[in-house]
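Read the structure below first, then the notes.
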Amino acid sequence: MSLAVLLGRTFRKSSLRFTLGVLAVVDSALLCTALPRQWIYTLTDTDVRMTGAIGCKIHFFLTYHLTHLFTYRTFISNVLCHMFLFFSRFCLYVFFIHPVA
């Protein structure tokens, strides 16, 4: 639902649209991956991870990597944004503001 709101006209020019959209997708994927295991275990006392090696590895990978995906993406985008701002200000100072001797 939040992704549908973010794709609407209201957020079309928002700078946070992409970041919040990725967060919505990752959170939804995490909920669809992690919660069914607990629900199945509560209803049937069967652990999905114990049914097979491949299922266990896939579930483990998706559950633990989706939790960190948004954090890493946010960190990298913030670092790149700050590097771009620093470089653009540096170029502005060197080429336009700094007096030529």
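The values are calculated or read from the model by the stated rules, or taken from the named source; none is laboratory data. Every value quoted in this text rests on a predicted model; they were computed, and no experiment measured them. With ideal geometry, Cβ positions are generated from the backbone for all residues, glycine too; neighbour counts draw on all protein chains shown.
For R89, the criteria (1) surrounded by 13 or more Cβ atoms within 10 Å (Cβ to Cβ); (2) modelled with pLDDT of 75 or more; (3) among the basic types (K, R) hold in every case but one, which is (1). I'd like the residue in segment 3-36 that is at pLDDT 75 or above and among the polar types (S, T, N, Q) and, out of all such residues, is surrounded by the most Cβ atoms within 10 Å (Cβ to Cβ). Top of the filtered list is T33. Going by what's in this entry, would Y93 be described as among the hydroxyl-bearing types (S, T, Y) and either closer than 23 Å to A24 by Cβ or touching a residue at least 40 places away in the same chain (Cβ under 8 Å) (or both)? When the stated conditions are applied, Y93 does not pass them. Is it true that T46 is among the hydroxyl-bearing types (S, T, Y), touching a helix residue (DSSP H, G or I) at 6+ places or on another chain (Cβ under 7 Å) and exposed (fewer than 14 other Cβ atoms within 10 Å of the Cβ)? So T46 passes the test. With respect to the stated conditions, T71 fails to be of a type in the set (S, T, Y) and within 15 Å of T33 (Cα to Cα).
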